[in-house]
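I have placed the structure first, in the form of structure tokens, so that the comments after it can refer back to it.
The values are calculated or read from the model by the stated rules, or taken from the named source; none is laboratory data. The shown structure was predicted, so the numbers you read here are calculated from the model rather than taken from an experiment. Using ideal geometry, Cβ is built from the backbone for each residue, glycine included, and neighbour counts are taken over all protein chains shown.
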Amino acid sequence: MMTHESNTPAASGFHMPAEWDEHEATWLGWPHNRTDWPGKIAPIHWVYGEIVRKIAPGEIVRILVNSERHETQVRRILKRVGVDSGRVELFHFPTNRGWTRDFGPIFVRRNEPREVAIARFRFNAWAKYPDWDLDCHIAERVAETMGRRIFHVRHGGEDVVLEGGAIDVNGCGTLLTTEECLLDDKVQVRNPKLGRGDIEQVCRDYLGAGHVLWLARGIVGDDTHGHVDDLCRFVSPGTVVLCEEKNAGDENHWILEENRERLEGFRLQDGSRIDVVRLPMPEPLYLDGQRLPASYANFYIANSAVLVPTFNDPNDRIALGILADLFRDRPVVGIHAVDLVWGLGTLHCLTQQEPAA
């Protein structure tokens, strides 16, 4: 049964582990909202099947479904692609969309005594869309069903809005985010009363990551207005990959160069410099004239593999090679994401890790 705590996770010894730490499970919301993938929902189900097939050998995959009918569809697809049904758990938690990274529970862990809990941020559909009444309750439903303690994230007497894709942590106290996403006071404003210092205090108290590194803007085409998981990710406690656009005529070129300059001046929580590895960008992809957020940085680190979105692009091979050199302890696997990115997100946006207790 879930418990509401008045103290903060950090005060009780909790922190958000790095994504490469051992998982108990990966959470996914099975797709059903046809407006997320206009005219493409059918192939998306099979892409999800492939994602589950690659994750399940190393951890449990916990999938949110809307109904018995939805569950039947999911089990049929997973059986056909060869997923071991014993590695999958389905939960009848209706959702508005499938972007579990952003509305799902953010898990925190402490070592003594060993416990996994949930930091529950408020979700309001990226301060952009009106339909989030189901998604915003998923963290509570997971906490109650799984028997996890839940910390409701509040600051100044109000709930704090934050999506999982807006942050990335090294598990040692440092967190990456962007000013565009969390500090913009005009576009998709999440927390109009909170400034830089307030956000940093929230990250310290609820995620155990008070050393916040502020990048500038996210990539063009990102519907979230600046999520960091499309441009810069930790791959070890002291190393990040940062997307690079070599074409100076591309809109992303100077955005990414400004972020590179910032990273070169940053220090980690222990005062050391960050090792920055450049990750290429694929050629731009468009849907009905709208640029899509195609990026190799939206990879997901599972126990059994690192899943990387690929785009039928010459840089697919280069990006996979760079990440394979950085992740020597598990295979790096490409997942075809040309259809997936029509939904304005790919692999990291769909997944949420639950650390091993």
Failed item in (1) closer than 29 Å to G171 by Cβ; (2) of a type in the set (K, R); (3) not in a loop (DSSP other than H, G, I, E, B), with R97 passing the rest: (3)
Lone qualifier among A125, A209 - being in contact with a Cys (Cβ under 9 Å, 6 or more places away or on another chain), at positive phi and buried (at least 18 other Cβ atoms within 10 Å of the Cβ): A125
Sole exception among (1) out of contact with any Lys or Arg (no Cβ under 8 Å at 6 or more places or on another chain); (2) surrounded by fewer than 17 Cβ atoms within 10 Å (Cβ to Cβ) for C203, by number: (2)
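Any residue at all in segment 81-93 that is part of a loop (DSSP other than H, G, I, E, B) and closer than 18 Å to C349 by Cα? Walk me through how you get there before you give the answer.
From segment 81-93, those part of a loop (DSSP other than H, G, I, E, B) are 81-84, 93; that's our starting set.
Narrowing further to those that are closer than 18 Å to C349 by Cα: none.
Checked segment 81-93: no residue is part of a loop (DSSP other than H, G, I, E, B) and closer than 18 Å to C349 by Cα.
Count, please, the residues in segment 252-273 that happen to be among the charged types (D, E, K, R) and touching a Gly at 6+ places or on another chain (Cβ under 9 Å). Break it down into steps so the answer makes sense when it comes.
First, pick out the residues of segment 252-273 that are among the charged types (D, E, K, R): 257-258, 260-262, 264, 267, 270, 273.
Checking which are touching a Gly at 6+ places or on another chain (Cβ under 9 Å) leaves us with 270, 273.
Count: 2.
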Members of segment 98-113 that are over 16 Å from R62 (Cβ atoms) and modelled with pLDDT of 95 or more: D102, V108, R109, R110
Restricting segment 5-59 to residues that are part of a helix (DSSP H, G or I) and of a type in the set (D, E), the residue that is modelled with the lowest pLDDT: D36
Search result, residues across segment 55-73 that are touching a Leu at 6+ places or on another chain (Cβ under 8 Å) and surrounded by fewer than 21 Cβ atoms within 10 Å (Cβ to Cβ): E71
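Would you mind stating whether M2 is surrounded by 17 or more Cβ atoms within 10 Å (Cβ to Cβ), at pLDDT 95 or above, among the aliphatic types (A, V, I, L, M) and farther than 15 Å from T351 by Cα? Steps first, please.
Working: surrounded by 17 or more Cβ atoms within 10 Å (Cβ to Cβ): yes; at pLDDT 95 or above: no; among the aliphatic types (A, V, I, L, M): yes; farther than 15 Å from T351 by Cα: yes.
Criteria not met by M2.
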